[in-house]
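Enquirer: The structure is given below, and queries will be raised subsequently.
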Amino acid sequence: MKKPMTLRKQLSIFLALIVIFQSVALVVSLWATQVFSKLDAEALRVLENTTAIRAEKFNAAGGMMIDNLRLELEKLTLDLTSLAKESQIRPDQIYQDDRTYNAAALAASDSLVTLLKKNQVTGAFVIFNGSNADKENQAAHSSVYLRNTTPEREEVANYSLEKGPMAIAQNYQIATSVHWDLDLLAEPENNGFDFYEQSIWASKTFKGSEIERFGYWSEPKDILKDNQQVITYTMPLLDEEGEAYGVIGIEIDLPYFTRHYLPDSDLLYHNSFYVIANQRNQMLNFNYFIPSGLLAETYLEKGQELALKKLGEGTYETRLKRLGQVYCSLKPLKVYSENSPFSDQNWTLACFVPTANLSENSAVVKNKMLWSIAITTFLALAGVLLLVFLFTRKIAGLSDYVKHLSPYDEIEFLPTGMREIDDLTSAIKLLNQSLVDTSRTTSKILELSLLPIGGYEVLNDSRHVILTDFLYWLLHLDSGSMITKEEWQTYRHQLIKNPVKEHPNIYGYDDEIRAERLWLRIVEAKSPIGVVGVVLDVTNEFEENQRLANQLDYDALTGLYNKRALRRKVKEKINDHPELIGAMIFIDLDNLKEVNDRFGHDVGDRLLIKAGQIFRYYEAVGGLVSRISGDEFVIYLHGFKSQDAIRKIIDGFDGQATGAEIMIGDQKSRPICFSSGLAWYPEDADQVDGLLKCSDAAMYQAKKNEKGCLCYYSQINEVKRVIESTDEQ
Amino acid sequence: MKKQIKGIKLIALVLMLLFLLSACSGGGKTLLDPKDPVSITLWHYYTGDTKIAFETAVKSFNKNLGAESGVLVRPLAKGSLVELEKALSDSAKGLINAEPMPDLFSCYPDKALELDNLGKLADLQAYFSKQEQELYRDDFLQVSSFDRERLLNIPIAKSTELLYINATTWNEFVDETAFEADQLASWEGLYQGARAYYQWTDAKTPEVPWDGQSLVGIDSLANFIIISNKQLGVEVSNAKEGAAVLNQAALRRIFDLYNGGMSLGYFNAIGKFRSDDVKSGELSAYLGSSSGAAYFPRWIEKNNQQYPIEFLALPYPVFEGGKACAVSQGAGMSVSKSDPKREAGSSVFIKWFTDPDQNVPFAMTSGYLPVQEEAYTSALFKTALSALSSGDEGEQNVAAVYGISLKQIKESDTYAPSPFEGSYDLRVILEKSLIETSLANRDQVAIYQQEGLTEEAILGAMKEDQYFEKWLDRIHHELDALEIPYRDE
C-alpha cells in the first residue's frame, strides 16, 4: 500500500504548485504580450525623436546664423561700396589703397564683432581679394579675422585678433593672438582655400542669384595653422555688378561645434554619438565628417563608407568595425538652399547607438523582472513552507504527542487555536477517557472476578512492552514499571520454557519465590503493529483434569489400572518396542464368591485389595498390573528378550505368592488362591485383544485343570479349538 | 574571557588600521569604472594657442588614461582669469543664473582659499599621497597647502616675470644716447631709461612738444606692487598676519616711480596686453609673464606695414638697495567638493597633466615652467629646450625667456605671496587704485604741460605728498569697505 503523505507535505506541495503556476503564468504573459520588444521599439522611437529634435535645433541655429551673416554682409557691402566711392576706386581695389583698406578693415571688424555677438560661433572673418601689406604676393589676402574663445559670453574683451591691423585690437581693447598677422595665405593644394574660392566661384557661375545660393560650408580644416580644426561658412562680398571682391564668413571650431551643436547631453545611451556626414541612398560617406566627440573619432574612419539597412523612416542598422552592430538614426540637415550648387554635400545628422545599448533598458528590465519573479517565487515558496510548518506544527505536535504517549499517561492536548482540531482533540480526550474508564472497569471486574488473567502488548515501534497488573504480579515486578522489549524476551522465555506435552499453549512455570509450580495458558496473536498475548493461570483446572484422568485409569478399590487403562498402556508398550517379547497373565481369584457369600463384601473387598498388593510385585519389573473386573486381574510384562527371562520373574512371584492369606475376623485366615493363564507376545497374539483372549483361555484351562495353577496358552490345543469354534460361532 | 576580549580588540584595531590605510592610499581609485566613466567639467582661462594645447592634451587624456580609468574631462574656456574667477565666485555663492560649480577648475591659491571658506573645495590630501606631493617643486606646492593640512590647489604650470624689449628700437636708442642696458637691472634705471627714451623720441619732432614715445609698460601692476614691496623688505600681502601691511616708505617709492612714469608718458598701457602695445609700436619694452614669451612679436605693424624686430629679454628689475626678487605665479587647479568619484576622477586628471610627459610639452607652448622637480632634469625638458633654441624666431624667443626664467626661479628669490582671506581683493585694490590714480594724474600733467611747466617741474609736482596720500587714502578706504584687515607702518 502506498505510504500516505503527511498533512504538512500535502499542504506544502499544493501551495508550492500554486506559487509556481502563478510565476510561470506571469512569465508566459510577459512573453505573450511582448513587453520587452515594445520597450525596444519605444527606445528606437526615442532615439529617432532625439535626433529629429537635434536636427531641428541645428537647422534653426544654422538658418539664423546664415540670416545674420547675410544681414551683416549687406551692411558691410554698403559700407565698403561707399568707402570705395569715396576713394574713387572700385571695391575690388580697396586692398590696394592704404587708407581705404584701414577704414575697410575697421568697418569689417565692426561687422565681425556684431556677428560674433549675435551667433554661437568661435570666429568671424573678412578676406579681401588681395594683400595691402604684400601687394606683390598673389597668394596673400588682406584679412580681418576675429576669434572668440567664449562664444557663450558676449564679452568683446575675450576676442582675439588673429588677422588684421593692430588698430582693430586697440579699438576694441582686445588681444592679438600668437599667430597674429595681416594676411591670410591661399593654399591651392588640398582644397585648402575653398572657404574663399568656392563661394566666389558660385557667385561667378550663378551671377545674379540670391546671395544664399553662394553660401558655402567648408569641411573641417586648420585655417590659422594653430592645430585647431574649424568649420566655416562663407558668402561673397559683391560689388554692384555682382563681382566678388572678397568673402565674409563665420568659423566654428570643432570642440565648440561638438559641445554646442552636437551635445552629448542629448545622448541617452552609453557609447552613442552624433556625427554629421554625407548620405547617399543607403550609404553613409565619411570622406569628411564632423564628429561629436571622442567616440565618433574612435569608431569612424575617414574615407570609409557605411552600408545602411533600413529599419523604418529615418532609422537604419549597420555595423561598425570596432563597435559591432549599431542602430543609426539619420536626419538631413538644411545647410544649403535647394538651388545651391553645393547642395550635393548633403549634411546628414547621424546618431549611432550600439544595438546592445539601445536594448539595454529592456534587457535590464527583463533581467530585473525575471530576477524579481525568481526571488518572489523563492520567497513565496519559503513563505509557504514556513506557514505550512506553523500551521501544521500544532497538529504534528499532537500526532507526535499521541505517538509517544504511554497507556499509563494522562492525555492532555495543548490547544491549537484551530476550532476543528481542538474539537477533535477534545473528542479524542473524551473518547480516551471513556476508554480508560472502560479499561479500568474491565480490569477491576477481572480483578474482582479473581480470574488470574493478564495480557501484554509488544508494539513494533515502541521500545517498551505494555503489561497488565497480573503479569507484574506473576513476574514479581513493580506495577507500572517500564519493561523494555529485551527484558520482556527474558521474562517470556522463563514463562514458556516448560511446555506441556499433549497440551498446547500450556506451560509449567516454577515460581521460585512462591515455591510453587503454576500452569499457564499463554496465547499470542500477531497484528500489523506488533504482538498481543494473554497469560492465564490454569493451575487449578489443569491439576483437576490430571486428577480426573487418573480416576478414569485406576480401579477404585485396588488402585490398580482398570481394563481401559491396561489396554491403552499395553498398546503403548507394544508400539514403543514391538520387537521385544511380552507376556500377558490373566488371573482369576478362585474363592472370591465364597468369601463374599460367607464373610460379606467387606472381606471380599479386602481380599481383592490384598491380592492387588501381591500382584504389584510385577510393578517392580515394569509390569502393568490391573483389575479388569470383579475377581479378574491382568498383568502384562513387556520388553524382554526371551520368554525365559519372564518365566524367571514368574517363578520369583510364585515363590512370594505362595502362602499368601487374608485374615478374616480376629483369628482366622484364608489363603488367597488364584488361577492364571499366560499368553506370549508375539507368539500367541500381537494385539491387546488377542493377548487378552489367549491369556483368558489359558486361565480358563488352568481353572479347569487345576485351580491355583498357571497354564500357558500354547499348552492347550483344546483351548485353541474351543476358541476357534467360538470364533466360528 | 579577558584574553578573548583583548584578542577581539586587537583584531578590530588591525582591521581599522587596514581600512584607514586603504582609505588613505587608495585615493578612491577603485571608485572609477571604465564602463561607467565619470564626466568631469573643467573650467579654464587659457586662450589662443595655450587653450588649443590644453584642450589637445585633454583630448589625449580622454582617449588614453581617461578611457582606461573611466574619466571623461570636458574642458570649457571661461574667458579671462577675471571672468573665470567671477564665474567661480558666482557658482560658489549659488547666485541666480550662475552655472553649477565645475568639478575641476584653474584657480590661484588665493581664490582657492576664498572658495574653501565657502565650503566648496575638496581637500586633495585624500587623493594625493605624501609621495605624490613630494614630486612637486616644494616652492610651488607650498603656497597651495593651507595651514599645512588642507591641500586645495595643485600647481599646473608656473611662470615668472621679466623685461621684454624690442631690441631693434632699443639698440637704436642705446647707440644714439649711450644709455647702458645694464641700467635696466634696477627700477630706477628703467625709469631713467624710459625718461631718456621719451626725450629721445620727443626730440625727433622738435616742432611738436610732448610727443615722446613710451618705452615700457607693466602687464601686472599687482605683481609690480607686491614684488617691489618684497624687494624693499615688506610683505604687503601678509598671510602670517592675515592682513595687508602698508609700509609707507616702500609704497611711496613704488608710487613715485610708477606715477611719475605713467603721468609723464615714460610708461604706458594702451591695448589689452603690453605685448600688443609692442606689436603696434606704442611701446618698446614691457614687464610681463614668461608665459607670454610666444606673444612677443617678430615684427611690428606701423600703418599696416610690417617691420621686423629683434628680441631681448632681461631679468625683472630690482629697486636700488632692495633684494633681488621676482614673482613666481601660475594658476593651479582645484577640485570642487562633490562626490568621491568626481573628486577622484579630477585628481586622476591633475596627476596625469602635471606628469612631466604632459606638463613639459604644455608648458613649452608658451614659456611656462613645469611643476614637478623631475621635469627640470628630464631628458624631455632638455630636448624640448634645445629644439626651441634651434627653432624659428618665435621659438628662439621662448628659449631665451626660459634661460632667464629658469635662472630667476632657481637662483634668485622668487616670491609668491601666500593667500589669506581678502588677499585676492587686496591685489585688485592695489592694482586698480594705482593705475586709475596714475591715469588721473596724467590729466593733471597735461594741464601742467599746457601751462608750460618744464618736465622737471612737472615731475617735482607729481612727487608731492598729496598724490601719494590720495592713493593711500583710496587704498585705506577700499580695504575698509571690504573689511580687509591692514596695518600701516
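Each value in this text was obtained by applying a stated rule to the coordinates, not by laboratory testing. Keep in mind the model is a prediction, meaning the values are calculated, not measured. Note that we place each Cβ from the backbone using ideal geometry, even for glycine, and neighbour counts take in every protein chain shown.
Enquirer: Only helices at least 20 Å long along their own axis, judged from Cα atoms, and with Kyte-Doolittle mean hydropathy of 0.5 or greater: name those in chain A from DSSP H.
Expert: A:7-33, A:360-403
Enquirer: Explain nothing, just the number: dipole magnitude of the protein assembly as shown about its Cα centre with +1 on each Lys and Arg Cβ and -1 on each Asp and Glu Cβ, in debye rounded to the nearest 20.
Expert: So the dipole magnitude of the protein assembly as shown works out to roughly 6280 debye.
Enquirer: Next question. Calculate the mean, over all residues of peptide A:178-189, of how many other protein chain Cβ atoms lie within 10 angstrom of the residue's Cβ. Walk me through the numbers before you get to the answer.
Expert: Values: counts 15, 4, 8, 3, 5, 1, 0, 0, 0, 0, 0, 0.
Mean partner shielding for this stretch: 3.
Enquirer: Still on this structure, please answer the following. Counting only Cα atoms, I'd like the Rg/Rh figure for the stretch A:573-621, Kirkwood definition for Rh.
Expert: 1.19
Enquirer: Now, a different point. Note down the nm distance, to one decimal, between modelled labels 7 Å out along Cα→Cβ at A:LYS526 and at B:GLN449.
Expert: Each label point is offset 7 Å from its Cα along the Cβ direction, giving 14.2 nm.
Enquirer: Based on the mean of other beta carbon atoms within 10 Å per residue, what is the order of A:128-139, A:309-320, most packed first?
Expert: A:128-139, A:309-320
Enquirer: Equivalent-ellipsoid semi-axes (√(5λ), Cα gyration tensor) for the protein assembly as shown, whole Å, largest first?
Expert: Taking √(5λ) for each Cα gyration eigenvalue gives 146, 39, 25 Å.
Enquirer: Let me ask something additional. How shielded is A:154-160 by partner chains, expressed as the average number of their Cβ atoms within 10 Å of its Cβ atoms?
Expert: Shielding by partners across A:154-160 averages 3.
Enquirer: If you don't mind, there's one more thing I want to ask. Using a Förster radius of 51 Å, what is the FRET efficiency between A:LEU268 and B:GLN125 based on their Cβ-Cβ separation? Nearest 0.05, please.
Expert: Efficiency computed from Cβ-Cβ geometry: 0.85.
Enquirer: In Å, what Kirkwood hydrodynamic radius results for the stretch B:322-394 from the alpha-carbon pair distances?
Expert: Values: mean 1/r = 0.0693 Å⁻¹.
Kirkwood radius, the stretch B:322-394: 14.4 Å.
Enquirer: Taking every Cα atom in the stretch B:223-338, find the radius of gyration and the maximum pairwise distance Dmax, and write them in Å.
Expert: 17.6, 54
Enquirer: Now, a different point. What whole number of Å gives the distance from the Cα centroid of the stretch A:440-498 to the Cα centroid of the stretch A:661-713?
Expert: Taking the Cα centre of the stretch A:440-498 as reference, the centre of the stretch A:661-713 is 60 Å away.
Enquirer: Debye sum, Cα scatterers, chain A, no solvent: what log₁₀ I/I(0) at q = 0.06, 0.07 1/Å?
Expert: Each listed q maps to, in turn, -0.70, -0.78.
Enquirer: Shifting gears a bit: How large is the dipole of the stretch A:210-329 about the Cα centre if only Lys and Arg carry +1 and Asp and Glu carry -1, each at its Cβ, rounded to the nearest 20 debye?
Expert: Its charge dipole is roughly 960 debye.
Enquirer: Now a separate question. Relative to the present Cα-Cα distance, how much length would full extension add between A:ASN49 and A:ASP590 at 0.36 nm per residue of separation?
Expert: Gain in length upon complete extension: 179.5 nm.
Enquirer: As a test of the definition: which semi-axes, in Å, follow for the stretch A:205-247 when you take the square root of five times each eigenvalue of its alpha carbon gyration tensor? Largest first, please. Show your work: numbers first, answer last.
Expert: Details: eigenvalues 138, 25, 7 Å².
Taking √(5λ) for each eigenvalue gives 26, 11, 6 Å, largest first.
Enquirer: Would you tell me the mean number of C-beta atoms belonging to other protein chains that fall within 10 Å of each C-beta in B:299-306, as a whole number?
Expert: That average works out to 6.
Enquirer: What percentage of all Cα-Cα pairs in the stretch A:266-417 are separated by more than 19 Å?
Expert: Percent of Cα pairs beyond 19 Å in the stretch A:266-417: 68.
Enquirer: Where q = 0.06, 0.08 Å⁻¹, what log10 of I(q)/I(0) comes from the Debye formula for chain B, counting one point per Cα?
Expert: -0.32, -0.54
Enquirer: As an exercise, identify the GluC sites (Glu not before Pro) in the stretch B:165-236 lying in DSSP coil whose Cβ has no more than 13 other Cβ atoms within 10 Å.
Expert: On the way: sites: B:GLU172, B:GLU176, B:GLU180, B:GLU188, B:GLU207, B:GLU235; in loops: B:GLU180, B:GLU207, B:GLU235.
Sites meeting the loop and neighbour criteria: B:GLU180, B:GLU207.
Enquirer: Dipole of the stretch A:258-367, Cα-centred, from +1 at each Lys and Arg C-beta and -1 at each Asp and Glu C-beta, to the nearest 20 debye?
Expert: Its charge dipole is roughly 200 debye.
Enquirer: Given A:TYR233, A:GLY293, B:ILE270, which one lies farthest toward the positive end of the charge dipole of the protein assembly as shown, if we put +1 on the Cβ of every Lys and Arg and -1 on the Cβ of every Asp and Glu?
Expert: A:GLY293
Enquirer: How large are Rg and Dmax for the stretch A:70-217 when calculated on the C-alpha trace, in angstrom?
Expert: 15.1, 41
Enquirer: Expressed in nm to one decimal, what extension gain is obtained for the pair A:LEU431 and A:ASP576 from 0.36 nm per residue of sequence separation less their Cα-Cα distance?
Expert: Working: separation 145, 0.36 × 145 = 52.20 nm, distance 6.09 nm.
Working it through step by step, the gained length comes to 46.1 nm.
Enquirer: At a 10 angstrom cut-off on C-beta neighbours, averaged per residue, how do the peptides A:415-424, A:645-654, A:67-76, A:176-185 rank from highest to lowest? Write down the numbers at each step before the final one.
Expert: Numbers: A:415-424: 12.3, A:645-654: 15.9, A:67-76: 18.1, A:176-185: 22.0.
In descending order of packing, they fall as A:176-185, A:67-76, A:645-654, A:415-424.
Enquirer: Can you compute log10 of I(q)/I(0) for the stretch B:229-296 with the Debye formula, treating each Cα as one identical point scatterer, at q = 0.18, 0.24, 0.25 Å⁻¹?
Expert: -0.84, -0.98, -1.00
Enquirer: Another question, then. Take the alpha-carbon centre of the stretch B:228-306, take the same for the stretch B:436-450, and report the distance between them in whole Å.
Expert: 19 Å
Enquirer: Ok, one more. For the stretch A:199-270, which GluC sites (Glu not before Pro) are both in a DSSP coil and crowded by at most 14 other Cβ atoms within 10 Å? Don't skip to the end; give the middle numbers.
Expert: Values: sites: A:GLU210, A:GLU212, A:GLU240, A:GLU241, A:GLU243, A:GLU251; in loops: A:GLU210, A:GLU240, A:GLU241, A:GLU243.
Loop-located and lightly packed - A:GLU210, A:GLU240, A:GLU241.
Enquirer: Once the Cα gyration tensor of the stretch A:472-609 is found, what semi-axes does its equivalent ellipsoid get, as square roots of 5 times the eigenvalues, in whole Å, sorted largest first?
Expert: 49, 20, 12
Enquirer: For an R0 of 30 angstrom, estimate the FRET efficiency from the Cβ-Cβ distance between A:ALA157 and A:GLU74 and round to the nearest 0.05.
Expert: Result of the calculation: an efficiency of 0.60.
Enquirer: Related question: Filter the DSSP H helices in chain B by two things, a Kyte-Doolittle mean of at least 1.0 and an axial alpha-carbon span of 27 angstrom or more, and list the hits by number.
Expert: Answer set is B:2-26.
Enquirer: Additional query: Find, among the GluC sites (Glu not before Pro) in the stretch B:387-467, those assigned to loop by DSSP (not H, G, I, E, B) with at most 13 other beta-carbon atoms within 10 angstrom.
Expert: B:GLU411, B:GLU451, B:GLU464
Enquirer: Using the Kirkwood radius built from alpha carbon pairs, what does the Stokes-Einstein equation give as D for the stretch A:513-587 at 20 °C and 1.002 mPa s, in µm² per second?
Expert: Result for D is 129 µm²/s.
Enquirer: Work out the FRET efficiency for B:GLN466 and B:GLN192 from their Cβ-Cβ distance, taking R0 = 35 Å, and round it to the nearest 0.05.
Expert: After rounding to 0.05, the efficiency reads 0.90.
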